[in-house]
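No value in this document is a laboratory result; all are computed from the given coordinates. Values in this document were obtained by computation on a predicted structure and should not be read as measured data. Every residue, glycine among them, receives a Cβ derived from its backbone with ideal geometry; neighbour counts consider all protein chains shown.
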Amino acid sequence: MTTRLNIILEQLNTGRKFFLLPFRLFLEKYLLPGYNLRKAQALIPLLPKNVRLLDVGCGGGEVSYYLKNLAPSLEIVGLEVRKPINCRIPLIVYDGKRIPFQDNAFDGILLIDVLHHAEDIPRLLKECKRVGKWVIVLEHPYFSFLSYLLLSAGDILFNFAFASPTSLHFKKTKQWRELFSQEGFKIEKEVKNLYLGGRVHTRYNFLVKLRK
């Protein structure tokens, strides 16, 4: 039974790679570059010059790549639980639990579209608080059951195309604020009405800089 199940799963995985490859190529060529650039542009006003950043859950490092182009004085290191095929910034692979750096090793931590993927969000926030002096978070809150379904559907499709895990730990803006407060953070700055492209309403974008 186990062998048969493994065969079925492998067939599904092969089919996914075949049928979703055009979708993935479309994303990488036409949608993601502009989207990632707009995220980097939104981050720049929150970043001092000549600081050392840790981009947690950086993926291929696209956002940080654009950040470096916009602000060459930034020093950025990426952190991921697995090595991507291509990464545009220096990368450290870790176990997903303890960040392999000493306390206050970085000026700032970037959590860009990351927290809703985390299995243990409080634990990740504690680790970011330990190794950085401040944290920048970009998340996509929901505000109704329908908006949760829309966010979840988009996340599942995107992560399926890139063979990435999906946790769907989306929260409302109020819940994010409460969680940050519980973990000992204060919101230093919040970017209002953040537009990142397409027809996506600004209510789906929540960008904050947290101080411990």
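Footprinting exposure proxy ranking of S64, S164, fewest other C-beta atoms within 10 angstrom first, gives S164, S64. Cβ-Cβ distance of L149 and R52, R₀ of 41 Å, FRET efficiency by 1/(1 + (r/R0)^6): the value works out to about 0.55. Between H169 and N69, the C-beta separation translates, for a Förster distance of 25 Å, into a calculated FRET efficiency of about 0.20. Can you check what the net charge comes to around E75, using other residues whose Cβ is under 12 Å from the Cβ of E75 (Lys, Arg +1; Asp, Glu -1)? Here the count lands on +1. Note on I92 and R203: their simple-model spin labels are 4.0 nm apart, each label 7 Å out from Cα toward Cβ.
If I take all pairs of Cα atoms in the range 91-194, what percentage of them are more than 23 Å from each other? Please report the intermediate quantities before stating the final value.
On the way: 1672 of 5356 pairs.
Of all Cα-Cα pairs in the range 91-194, 31 percent lie more than 23 Å apart.
Given their separation in residues at 0.36 nm each and the Cα-Cα distance between them, E190 and I156 gain 9.5 nm when the chain is fully extended.
How big is D, in µm² s⁻¹, for the range 33-211 by Stokes-Einstein at 25 °C and 0.890 mPa s if Rh is the Kirkwood radius over C-alpha pairs?
Details: Rh = 16.5 Å.
Roughly 149 µm²/s, to the nearest whole number.
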